[in-house]
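Chemist: Attaching a single structure in structure tokens format; questions to follow.
All of the numbers you see were taken from the coordinates with simple rules; none came from a lab. Everything quoted here is computed from the prediction, not taken from an experiment. Every residue, glycine among them, receives a Cβ derived from its backbone with ideal geometry; neighbour counts consider all protein chains shown.
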Amino acid sequence: MSRESARSPDLPANETLVQQLLESVDRGPGRYLLGIVGPPGAGKSTVAAGLEDAANARRGSGFAAVAPLDGFHLSNEQLDELGLRKVKGAPETFDVEGFVLLLERVRRELESTIFWPGFNRAIEETVPGAIRITAWTRLVVCEGNYLLLDRPGWRDVRRLLDAAWYVDAPRLALRERLLERALAGGRTEEEAVWHVDENDLRNADLVAATKSAADRLLDLATDGSSGVVGA
């Protein structure tokens with residue numbers, strides 16, 4: 001699903017949650033970096049876009065921006081060279097060094113406009129400079145599967161985040177959504193089933209092991225778009 005199609009005007013419906021987030025942003029002079037973490041298909045993009053919309057509605061356009069990890073997918077050509085095309089979406093298929101470096105710039109260069117790469121799911125490719133993080137931007141919602149992963153390179157991400165929220169969903173729901181996504185992306189049914197069962201759900205298990213490192217747990221299946229089931 002594209003970043004645009006993930007948006008919902010009802011997200012997040014929990015006014016208290018949004019207010020708490022904005023109060024956290026206001027406590028410091030710099031940018032506040034919130035990580036939205038969870039397995040593929042859990043609804044991270046939806047939550048991130050909803051928070052961006054809610055914050056901008058209250059504070060003005062450009063106050064918040066979403067910075068997705070997907071913008072740091074290695075290109076399909078690079079994946080082919082590395083023999084990793086079939087496992088696209090696994091941790092080793094991202095440019096984690098580039099991701100950390102740009103996050104550091106977001107944290108450090110408060111008066112600069114920083115261009116963040118997006119991701120086009122229709123063609124499975126990154127879009128350089130698709131997102132603008134300006135000097136006016138105070139809340140940056142960083143969304144991705146592996147923000148809490150305890151591996152070389154990845155473990156540098158957590159120190160740059162002020163907080164991390166984990167978006168959870170039942171495994172069956174994840175599988176259904178991921179199959180729909182794979183089929184919509186042009187895979188045959190056989191290819192879609194293999195990709196989801198042998199790649200996406202394995203990655204989901206890897207991400208699930210990082211859940212305990214999050215500051216909040218959001219369960220969309222149980223509580224709707226904004227339910228906080230743990231903090």
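Chemist: Rounded to whole Å and sorted largest first, list the principal axis extents of the Cα atoms in segment 29-172.
Modeler: Largest first, segment 29-172 extends 45, 35, 30 Å along its Cα principal axes.
Chemist: Something else now. Using a 10 angstrom Cβ neighbour count of at most 14 plus a DSSP loop assignment to flag exposed GluC sites (Glu not before Pro), which longest range of the chain is free of such sites? Present the calculation step by step, with values, prior to reporting the outcome.
Modeler: Numbers: sites that count: Glu4, Glu109, Glu111.
Free of exposed loop sites, the longest segment is 112-231.
Chemist: Distance in nm between label sites at Ala173 and Ser61, each 7 Å beyond Cα in the beta-carbon direction?
Modeler: 3.4 nm
Chemist: Next question, about the same structure. Using Cα pairs under 8 angstrom and six or more residues apart, how large is the relative contact order of segment 15-230, in percent? Intermediate values should be presented prior to the final figure.
Modeler: On the way: 363 pairs, mean separation 63.5, N = 216.
Computed value for segment 15-230: 29 percent relative contact order.
Chemist: Further question on the same structure: So how many Å³ per residue does the convex hull of the Cα atoms of segment 135-190 work out to? Please report the intermediate quantities before stating the final value.
Modeler: Details: hull volume 9.4 nm³, N = 56.
Convex hull volume per residue, Cα atoms: 168 Å³.
Chemist: Along the positive direction of the dipole of the chain (beta-carbon charges: Lys, Arg +1; Asp, Glu -1; about the Cα centre), which of Ala173, Ala54, Thr210 reaches farthest?
Modeler: Ala54
Chemist: Hey, another quick one. Percent antiparallel among DSSP beta bridges with both residues in the chain, to the nearest 5?
Modeler: Working: 9 of 28 bridges.
Rounded to the nearest five, the antiparallel share is 30 percent.
Chemist: So who's got an amide H within less than 5 Å of the one on Val66, skipping anything under 5 residues away but keeping other chains? H placed 1.01 Å off N, in plane.
Modeler: Those lying under 5 Å, H to H, from Val66 are Val141.
Chemist: Okay, next question. Pick out, in residue order, every one of the trypsin sites (Lys or Arg not before Pro) in segment 137-178 that is DSSP loop and has at most 14 other C-beta atoms within 10 Å; say none if there are none.
Modeler: Arg159
Chemist: Continuing with this model, one more query. For segment 13-98, calculate the relative contact order in percent as a whole number, restricting contacts to Cα pairs under 8 Å that are 6 or more residues apart. Walk me through the numbers on the way to the answer.
Modeler: Values: 40 pairs, mean separation 15.3, N = 86.
Across segment 13-98, relative contact order equals 18 percent.
Chemist: Additional query: Placing unit charges on C-beta atoms (Lys and Arg positive, Asp and Glu negative, everything else neutral), compute the dipole magnitude of the chain about its Cα centre in debye, rounded to 20. Don't skip to the end; give the middle numbers.
Modeler: Details: 28 positive and 36 negative charges, 129 e Å.
About 620 debye.
Chemist: Give me the distance in nm between label points sitting 7 Å out from Cα along the Cα-to-Cβ direction at Arg151 and Arg27, one decimal.
Modeler: The answer from the label model is 3.2 nm.
Chemist: Mean-square fluctuation check for the chain, GNM, Cα pairs under 10 Å: which of Thr210, Thr16, Thr93 is largest?
Modeler: Top of the fluctuation ranking is Thr16.
Chemist: Here is a further query. Report the gain in length on full extension from Glu77 to Asp197: 0.36 nm times residue separation, minus Cα-Cα distance, nm rounded to one decimal.
Modeler: On the way: separation 120, 0.36 × 120 = 43.20 nm, distance 2.39 nm.
Contour length minus Cα-Cα distance gives 40.8 nm.
Chemist: Do me a favour and compute the ellipsoid semi-axes for segment 78-141 from its Cα gyration tensor, root of five times each eigenvalue, largest one first, whole Å. Mind showing how you got there, number by number?
Modeler: Numbers: eigenvalues 147, 35, 15 Å².
Semi-axis lengths for segment 78-141 are 27, 13, 9 Å.
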